[in-house]
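The structure appears below as structure tokens.
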Amino acid sequence: MSNIEKDTEGHSYFGGDLGEGKLVHSNSQFERYHVETREAPWRIRLPKKFRISIYNNCVNIQECVQACIYNVHRVGEDGRITDPVEDLCRGCHCCTLSCPKGAICVELNPEFQRLGNTYFTPERMENIFFEAETGRIPVSGAGYGGVFAGKGFDGFWFDFSEIVRPTRDGIHGREYISTTVDLGRKPPRLVFEGSRLVSEPPRTIEIPIPMILDAPLSSPSDRSLALALARAASILHTFSILKAEDYFDGLSPYASNLMPRIPSSKIIEFPKLIKSSRIIELDYQEEKASEERIREDLKQVRRINPSVIVCTKFSNIDELAENAENSARAGVEIIHIHIDDCIVEQDPDTIVEAIRSVHTRLVEKRMRDEVSIISSGGIAEAAHVPKSVILGADAVAIGLAYQIALGCRFCYGDKHRDDCPMRVEDADINLASQRIVNLVNAWRDQLLEVLGGMGLREVRRLRGELGRAIFYRELEEKVYGDSE
Ligand code: SF4
Ligand code: SF4
């Protein structure tokens with residue numbers, strides 16, 4: 001019997017009963033993961049990247065029309081060139097070079113350059129907007145325009161060396177590349193008496209992409225944003241985290257795709273949510289949590305729902321590895337390490353070091369395979385997903401990126417205002433969720449390209465594979481040694 005089920009939107013998902021904590025692929029009916037994308041233009045537009053001026057010494061010989069392969073310069077019905085379509089400009093300057101009169105000026109739009117911050121740069125914001133709008137991979141056609149060294153995720157590159165394994169076709173390949181990951185706890189061994197399993201069975205949930213959606217930075221003043229997130233998570237067959245205090249009855253159709261975030265000190269206040277969820281997240285924020293404390297909290301949760309999968313979330317950089325080890329020892333299934341986007345902006349290395357330190361600690365303690373790691377903070381582009389996995393995460397929680405796709409202007413939650421452009425109106429719920437779906441799908445396509453380039457058949461095999469990356473600092477040290 002097939003266990004591919006339909007949700008409230010009519011989307012099929014690899015289902016298990018709510019509360020069983022098991023989400024499995026059907027043996028009898030195999031389906032490739034596929035999500036429909038469609039154009040989803042938003043009411044907020046980003047400023048154009050380039051500004052084009054045509055000076056009045058233009059003599060209308062239309063060399064620019066010939067030179068621009070992006071159709072920016074056009075000829076009107078009167079035979080004269082029209083105003084350039086600046087949206088399409090890629091800044092290649094072919095037109096400026098071709099114009100014998102020097103009548104064209106193409107320059108970066110200062111309004112565009114003021115977008116975002118030093119981490120969520122204007123270019124990253126532009127890509128996020130494009131991906132959310134179209135569901136496609138942004139291709140500039142003008143080569144790689146990014147940096148070759150830097151801090152954080154910019155400090156290392158993928159190693160596509162073919163010596164190890166030939167590449168596979170990514171998105172359009174004949175072989176299916178799996179992006180499925182497990183969230184949960186796998187016991188170190190299974191013990192059988194005859195054919196009967198006597199040890200504790202694995203407590204895992206399979207999701208078809210190594211991405212979940214993080215809770216919005218500030219509590220959504222309108223419930224439509226929460227509904228859009230829940231709907232997107234349902235379409236993507238993944239999870240969306242929502243703060244427990246932001247729950248309302250209208251979310252119940254999406255319960256199987258929601259992960260309530262409950263402050264660790266308030267477990268007792270949310271029994272209904274704990275009972276109706278497959279995964280819950282206990283938020284310890286900046287705390288240092290002992291094994292005993294986590295064990296007690298777990299007991300409290302399990303008294304309410306014995307089968308719920310529990311994730312512990314920590315944000316204290318200095319205590320992350322210790323807290324993660326304590327969680328694993330206490331019996332937690334998932335560890336969510338979160339570095340605030342503000343901190344990552346100031347020091348992008350923090351998120352890289354955080355993931356590495358937690359993964360390494362659990363490997364050293366031989367507990368890595370018993371728990372899953374979700375990381376969040378600083379996830380600003382598609383490449384950050386496989387890079388997080390290489391560092392040791394099983395999955396990432398996308399936060400600020402989807403907010404940017406909906407118009408967020410970096411108030412980082414603490415200055416949330418009534419005029420926040422991220423507001424999702426009731427009529428926009430489907431459009432907003434489609435933008436999130438488009439964004440995640442475009443990132444998954446890019447993940448497939450990375451896996452294909454590395455010759456990997458599944459993303460699970462990328463976890464902690466530091467050999468699949470080249471670290472700039474290590475390379476520099478190797479080449480130049482101690483020399484200045
Ligand atoms: S090539 Fe220069 S002079 Fe000719 S139409 Fe274009 S802008 Fe005008
Ligand atoms: S800079 Fe390049 S893309 Fe932009 S209008 Fe000129 S030729 Fe076209």
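The values are calculated or read from the model by the stated rules, or taken from the named source; none is laboratory data. As the structure is a prediction and not an experimental result, all values here were calculated from the model. Neighbour counts run over all protein chains shown; Cβ positions are idealised from the backbone, glycine included. For the accessible areas, the whole protein counts, side chains as well, though only heavy atoms, and no ligand, DNA or RNA atoms are used. Shrake-Rupley method; radii C 1.70, N 1.55, O 1.52, S 1.80 Å.
Couplings for segment 44-61, taken from phi via the Karplus curve 6.51 cos²θ - 1.76 cosθ + 1.60 with θ = phi - 60°, read 9, 10, 7, x, 5, 6, 10, 10, 10, 10, 10, 7, 7, 8, 4, 10, 6, 8 Hz in order; Gly and Pro are left as x. Compared with the dominant principal axis of the Cα atoms in the chain, helix 223-236 is inclined by about 80°.
Hey, any idea what % of segment 33-90's accessible area is carbon plus sulfur with a 1.4 Å probe? Kindly include the intermediate steps, with their values, before the conclusion.
Values: 1790 of 3940 Å².
Of the solvent-accessible surface of segment 33-90, carbon and sulfur hold 45 percent.
Across the chain, Cα-Cα distances exceeding 42 Å account for 21% of all pairs.
How high is the relative contact order of the chain? Use alpha-carbon pairs under 8 Å, at least six apart in sequence, and give a whole percent.
Working: 915 pairs, mean separation 100.1, N = 484.
Relative contact order for the chain comes out at 21 percent.
Charge dipole (Cα centre; +1 on Lys/Arg Cβ, -1 on Asp/Glu Cβ; no other charges) of the chain amounts to roughly 920 debye. Computed over protein heavy atoms with a 1.4 angstrom probe, the accessible surface ordering of ARG444, ARG329, ARG43, largest first, is ARG43, ARG329, ARG444. Given charges of +1 on the Cβ of Lys and Arg and -1 on the Cβ of Asp and Glu, with all other atoms neutral, how large is the dipole of segment 50-113 about its Cα centre, in debye to the nearest 20? Taking the Cα centre of segment 50-113 as origin, the dipole is about 200 debye. Per residue, segment 235-337 exposes 37 Å² of accessible surface when a 1.4 Å probe is rolled over the protein heavy atoms with every protein chain present.
What fraction of the DSSP beta bridges in the chain is antiparallel, stated in percent and rounded to the nearest 5? Intermediate results must be reported in sequence, preceding the final value.
Numbers: 19 of 48 bridges.
So the antiparallel bridges amount to about 40 percent of the total.
In this structure, the amide hydrogen of ILE81, modeled 1.01 Å from its nitrogen in the peptide plane, lies closer than 5 angstrom to those of GLY76, counting only residues at least 5 positions away or on a different chain. Computed 3J(HN,Hα) for segment 238-247, one whole-Hz value per residue from the Karplus formula 6.51 cos²θ - 1.76 cosθ + 1.60 where θ = phi - 60°, is 10, 10, 10, 7, 9, 5, 4, 6, 9, 6, glycine and proline marked x.
Taking a straight line from the alpha carbon of LYS387, these aspartates and glutamates sit under 14 Å away, with near neighbours fewer than eight places off in the same chain left out: ASP154, ASP159, ASP349, GLU353, GLU449, GLU465. For ILE241, the residues whose amide H sits under 5 Å from its own are LEU213, ASP214, ALA215, MET259, ignoring neighbours fewer than 5 places away on the same chain, with H placed 1.01 Å from N. For segment 226-314, the list of GluC sites (Glu not before Pro) that fall in a loop by DSSP and count at most 13 other C-beta atoms within 10 angstrom reads GLU286.
The heavy atoms of LEU97 present about 150 square angstrom of accessible area, all protein chains included, probe 1.4 Å.
So what is the accessible area of segment 50-113 per residue, in Å², with the probe set to 1.4 Å? Could the numbers behind the result be given before it?
Details: 3960 Å² over 64 residues.
Here the per-residue accessible area is 62 Å².
Accessible surface of ARG45, taken over heavy atoms with a 1.4 Å probe and every protein chain present, rounds to 150 Å². Maximal additional length on extending the GLU39-ARG461 stretch stands at 148.6 nm, based on 0.36 nm per residue less the C-alpha distance. Hey, how many Å between the Cα centroid of segment 191-210 and the Cα centroid of segment 272-316? The two parts, judged by their Cα centres, are 21 Å apart.
Which of the pairs LYS186/LYS313; LYS151/LYS186; LYS243/LYS272; LYS272/LYS299; LYS243/LYS299; LYS266/LYS365 have their Cα atoms more than 26 Å apart in this structure? If you can, show how the numbers build up before the last one.
Numbers: LYS186/LYS313 19 Å; LYS151/LYS186 34 Å; LYS243/LYS272 14 Å; LYS272/LYS299 16 Å; LYS243/LYS299 21 Å; LYS266/LYS365 30 Å.
Pairs exceeding 26 Å: LYS151/LYS186; LYS266/LYS365.
For ALA469, the amide hydrogen comes within under 5 Å of the amide hydrogens of ASP159, counting only partners 5 or more places away or on other chains and with H modelled in the peptide plane.
In the complete set of protein chains, residue-level accessible area for ILE317 is approximately 70 Å², probe 1.4 angstrom.
In order along segment 470-477, the Karplus-derived 3J(HN,Hα) couplings, from 6.51 cos²θ - 1.76 cosθ + 1.60 at θ = phi - 60°, round to 10, 8, 3, 5, 5, 5, 5, 5 Hz, and Gly and Pro are given as x. Of the solvent-accessible surface of segment 313-424, computed with a 1.4 Å probe over protein heavy atoms with every protein chain present, carbon and sulfur atoms account for 41 percent.
Over all directions, how big on average is the projection of the convex hull of the alpha-carbon atoms in segment 50-113, in square nanometres? Intermediate values should be presented prior to the final figure.
Numbers: hull surface 16.8 nm².
Mean shadow area of the hull around the Cα atoms is 4.2 nm².
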